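The values are calculated or read from the model by the stated rules, or taken from the named source; none is laboratory data. What you see is a predicted model; the values in this text were computed from it and never measured. Backbone-built Cβ (ideal geometry, glycine too); neighbour counts: all protein chains shown. Heads up: the accessible areas ignore ligands, DNA and RNA and are worked out on the full protein's heavy atoms, side chains in. Shrake-Rupley method; radii C 1.70, N 1.55, O 1.52, S 1.80 Å.
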Amino acid sequence: MTGGEAYRAKLITDDALDAAIAAYLADPSKPVVLEIGNGSLDVAAAVLANAYSTEVLAREGVTAPQKRNAVKTAILLAPVG
């Protein structure tokens, strides 16, 4: 199952997703883990595993909404472990 599938199945709430994104962007060095049913998703690992998200976050001049969407994309595409 991916984060997106868990989101569609309502295993991840909008509030939990928003909180995870905000926590990661506030300090990417701190661990942020989304608990999803019996599994979990490490947000930093999801971002690092996603080439698009990594590239967007490394770019100069990226807006806050672009950063937020990059992290959200990584979360939704990542496998839940």
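Here are some notes:
- Residue-normalised accessible area of the chain, given per residue in Å² at a 1.4 Å probe: 60 Å²
- Interchain or long-range residues, amide H under 5 Å from A78's placed H: G3, G4
- Value of relative contact order over the chain, rounded to a whole percent, pairs C-alpha under 8 Å and six or more apart: 39 percent
- A straight chain from K10 to Q66 at 0.36 nm per residue would run longer than the Cα-Cα distance by 17.7 nm.
- Segment 65-81 versus segment 24-42: alpha-carbon centroid distance in Å: 11 Å
- For the chain, a Kirkwood radius taken over Cα pairs fed into Stokes-Einstein (10 °C, viscosity 1.306 mPa s) yields D = 128 µm²/s.
- Exposed trypsin sites (Lys or Arg not before Pro) absent: longest stretch of the chain, with sites in DSSP loops and at most 15 other Cβ within 10 Å deemed exposed: 11-58
- Per-atom-type breakdown for the chain gives carbon and sulfur 56% of the accessible area (1.4 Å probe, protein chains only).
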